[in-house]
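Peer 1: I have a structure here, written as structure tokens, and I will follow up with some questions on it.
The values are calculated or read from the model by the stated rules, or taken from the named source; none is laboratory data. The structure presented is a predicted model; accordingly, all values stated were derived computationally and were not measured. Here the Cβ positions follow ideal geometry from the backbone for every residue, glycine too, while neighbour counts run over all protein chains shown. All accessible areas refer to the heavy atoms of the entire protein, side chains included, with ligands and DNA or RNA removed. Shrake-Rupley method; radii C 1.70, N 1.55, O 1.52, S 1.80 Å.
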Amino acid sequence: MLDLLYAVAVAPFRDMAGAPAFLIEVLIGGVFAGLMYSLVALGFVLIFKASGVFNFAQGVMVLFAALTLVGLLERGVPVLVALALTTVVMVALAFAIERLVLRPLVNQAHIILFMATIGLNFFLEGFGEMLWGANVKKLDIGIPDRSFIVRGVQINQLELTAAATAAVLVTVLAVFFQRTRIGRALRAVADDHEAALSIGVPLRTIWVVVWSVAGVVAIVAGLMWGAKSGVQFSLSLIALKALPVLILGGFESVPGAIVGGLIIGVGEKLGEVYWGPLVGGAIENWFAYVLALAFLLARPQGLFGEKIIERV
Amino acid sequence: MTAPAGPLLEVDGVSVRFGALVAVNRVSLRVGRREIVAIIGPNGAGKTTLLNAVSGFYHPYEGTIAFEGRDRTHLAPPDVAALGIARTFQNVALFKGMSVLDNIMTGRLLKMSGSFLLEALYWGPARRQELEHRAFVERIIDFLEIQAIRKTPAGRLPYGLQKRVELARALAAEPKLLLLDEPMAGMNVEEKEDMCRFILDVNQEFGTTIALIEHDMGVVMDISDRVVVLDYGRKIGDGPPAEVRRDQAVLDAYLGVAHA
């Protein structure tokens, strides 16, 4: 009994203190993974905030963006041009979704819009593979997957670049939402459609803007994940990892998506490395979901979500 | 452009139907510049429906609506707002998660312009613009005496204050025409007196034309220049408060009439 307690509550921390450089490496790995989760979660949050729709297709949008980018690169298009073209494609996609899916379904129940995004999910999956093929592809954007060592801590250049990019993107979006006219309009639409209309917010424009931004976020997420582990169908499954992030952070909160992502990224890496051996490993696979479950029981609105109080 | 002499708002023979139900039946009314017009009538008379038609939420089945002499019958709500018509809602439609200040700032949306990119970076002109609008909003906050609650999330405020914040948001748009749907519903006497004072002040200081729906007859008689009475979707009275008060059709609608 005492042995078990020691193994759970003392030994892991002793290990951490014993090899601080390694601990920092684990933490950096966690922060990297966390930022990646945040990026995907952010795509969900943006659309959910502006339209109350849970966009089931967000994961596939990441895959679609990555496929488009790789497809263009394979045809010899320079990196920057390919990025620009992919952005154009994602914005065009946003316009198409607004016109063909959202507009005909305006004022329908949320569940119907949700079903529509499931349809969108399958469409994009098939369409992407039809256009670019279903093989696993290597995404090379010219940042070497090399490591260098700073004070005994090994740092991967690709991960560092990805983390920095994600951090910049996330900061810009957070400021944009809190401080600007369009950001405020987005929040207004999320809060009350009628009131938003009455103060002159054009819903359609706002929808195109959020789906475009979500598309751009999908490009960055697809780029980072793709560079790390190749562009393949499983890329769309990272959406599943974004769910616990959303539950942790609150569905409507941009800072929540970021903090939630970091907690899950760091938590699962620490758990895997220091507590994994106790249960035979694979903590990384379930940590996020168990944490999300605990949150659902204790604080269903998430860390940053608004508590909903109904007046009876 | 010089202001034309005609009325600010002209509603001409407007009907709104929901299926077989005719909620508003060939109603015509005019609201002159700087006037305060009250629209009264029993429940279900079509007052809110008429207001919704004017602000573009419903579109008339027949008839026309003109603002500043131009037809705008079929415009959508955001475009109506862009013309200079602001409104409040019967059941308070505030952005509950946002602070009072942010709520009122949203009212400035149409007055703002700027580049998406600059805004994303919160830089240069975008930042300056934000500060200018902030200054204007602070004036409205002073005017409506809600300084103390500017940082409070709107959803946490008591009902009376929410109504006041909603008025502030509408005022932030510097509207030419302000539509108020039961601005005093559910308020106590003191809150009603405050609201009356604000409405009169808005009308006098900013020269804003106001059309309001109200049930409290005392209030209606006190503040309005003219009263329009609706009953079962039809207009049954239109004139100065003292006159409307003596009108037999109006009395019948309100007090009931013995049908032989």
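Peer 1: Report the Stokes-Einstein translational diffusion coefficient (µm² s⁻¹, integer) for region A:20-298, Rh taken as the Kirkwood radius over Cα pairs, at 10 °C with viscosity 1.306 mPa s.
Peer 2: 82 µm²/s
Peer 1: Enter the Cα centre distance for the pair region A:1-50 and region B:190-225, rounded to the nearest angstrom.
Peer 2: Cα centres, region A:1-50 to region B:190-225: 59 Å.
Peer 1: How much accessible area is lost when chains A and B come together, counting both sides, with a 1.4 Å probe, in Å² rounded to the nearest 100?
Peer 2: Summing both sides, the interface buries roughly 2500 Å².
Peer 1: Also, I was wondering about something else. Quick one: putting +1 on the C-beta of Lys and Arg, -1 on the C-beta of Asp and Glu, what dipole do you get for the protein assembly as shown around its Cα centre, in Debye to the nearest 20?
Peer 2: 800 debye
Peer 1: Which shape class applies to the protein assembly as shown: rounded if a/c is under 1.5, otherwise prolate when a/b exceeds b/c and oblate if not, where a ≥ b ≥ c are the square roots of the Cα gyration tensor eigenvalues?
Peer 2: Because a/c hits 1.5 or more and a/b exceeds b/c, the protein assembly as shown counts as prolate.
Peer 1: For the protein assembly as shown, what does the helix formula give at 222 nm: sum of -39500 (n - 2.57) over DSSP H segments with n ≥ 4, over the residue count, nearest 500 deg cm²/dmol?
Peer 2: About -18000 deg cm²/dmol.
Peer 1: Using only protein heavy atoms and a 1.4 Å probe, report how much of A:Tyr37 is accessible, in Å² to the nearest 10.
Peer 2: 20 Å²
Peer 1: Helix A:20-51 against the longest principal axis of chain A: what's the angle in degrees, Cα atoms only, rounded to the nearest 10?
Peer 2: On a 0 to 90 degree scale, this one is about 20.
Peer 1: How far is helix A:238-249 tilted off the main Cα axis of chain A, in degrees rounded to 10, range 0 to 90?
Peer 2: Helix A:238-249 sits at roughly 90 degrees to that axis.
Peer 1: Relative to the longest principal Cα axis of chain A, at what angle does helix A:58-74 sit, 0 to 90 degrees, rounded to 10?
Peer 2: 90 degrees
Peer 1: Past 24 Å, Cα to Cα: identify those pairs from B:Lys96/B:Lys151; A:Lys138/A:Lys241; A:Lys137/A:Lys269, in the order given.
Peer 2: A:Lys137/A:Lys269
Peer 1: Specify the inter-centroid distance of region B:12-74 and region A:229-284, based on alpha-carbon positions, in whole Å.
Peer 2: Comparing the Cα centres of region B:12-74 and region A:229-284, I get a distance of 54 Å.
Peer 1: What Kirkwood hydrodynamic radius do you get for chain B when you take the inverse of the mean 1/r over all pairs of distinct Cα atoms, in Å?
Peer 2: One over the average 1/r among Cα pairs gives 19.3 Å for chain B.
Peer 1: Let me ask something additional. So for the protein assembly as shown: antiparallel DSSP bridges make up what percent, rounded to the nearest 5?
Peer 2: 60 percent
Peer 1: Follow-up question, since we're still on this one. In debye to the nearest 20, how big a dipole does chain A give about its Cα centre with +1 on each Lys and Arg Cβ and -1 on each Asp and Glu Cβ?
Peer 2: Result for chain A is approximately 640 debye, rounded to the nearest 20.
Peer 1: Averaged per residue, what accessible area in Å² does region A:20-298 show with a 1.4 Å probe, protein chains only?
Peer 2: 41 Å²
Peer 1: Specify the residue with the greatest mean-square fluctuation among A:Lys49, A:Lys269, A:Lys138, computed from a Gaussian network of chain A linking alpha-carbon atoms under 10 Å apart.
Peer 2: A:Lys138
Peer 1: Then there's this: Say the cut-off is 25 Å between C-alpha atoms; which of B:Lys111/B:Lys163; A:Lys49/B:Lys47; B:Lys192/B:Lys235 go over it?
Peer 2: Flagged as over cut-off: A:Lys49/B:Lys47; B:Lys192/B:Lys235.
Peer 1: Tell me, what % of the accessible area of region A:20-298 is carbon and sulfur with a 1.4 angstrom probe?
Peer 2: Exposed carbon and sulfur together represent 70 percent of the surface.
Peer 1: Around A:Ala282, under 12 Å between beta carbons, what's the net of Lys plus Arg minus Asp minus Glu among the other residues?
Peer 2: Residues close to A:Ala282 contribute a combined charge of -3.
Peer 1: Please give the contour-minus-distance gain from A:Leu296 to A:Glu74: 0.36 nm per residue of separation, less the Cα-Cα distance, rounded to one decimal in nm.
Peer 2: That works out to 75.5 nm of additional length.
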